[in-house]
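Notes follow the structure.
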C-alpha cells in the first residue's frame, strides 16, 4: 500500500475540522468523523483511482479530490450521516499520496490549492 503524507496545510485543516466537529456535535461525533477521515485516507492509499476520485487538472495540474462520502458508503460501520469534506491530493514520484488540503464541499478549490505550496521533502 502507498504511504500517505499529510502536508502542513492539510494538518491544520484536519485539526480545525475536528475541533469544529467536537464543538458543534460532541466528542463522539468528532471521533466518528476522525475514523471516517482515516478510512478515506486508507481507501485512497489502497487505490488512488477508486470510484469517487476525480481529477482537478482545471484547478491544479496533477491533483485529485475525494469526497469522504465515498468511504462512508463503502461498507463501513462508521456512522457519519452526511460528511461534508473533500481530500485534495496528488501522487509523488514514488506513488505515495500527498494530501495537500482537506476542505468543506462548499469551499472553492482554487482558493485552497495554491501553486506556492512548498515542495515535498
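Values quoted throughout were computed directly from the atomic coordinates according to the rules given, and no laboratory measurement underlies them. Quick caveat: nothing in here was measured; it's all calculated off a predicted structure.
Over 24 Å, how big is the tail of the calculated P(r) for the range 4-111, in percent of all Cα pairs?
Details: 1069 of 5778 pairs.
The calculated P(r) of the range 4-111 puts 19 percent of pairs beyond 24 Å.
Mind putting together the pair-distance distribution for the range 1-51? All Cα pairs, 5 Å bins, whole percent per bin, short to long.
That works out to 5, 21, 21, 24, 17, 10, 4, in percent per bin.
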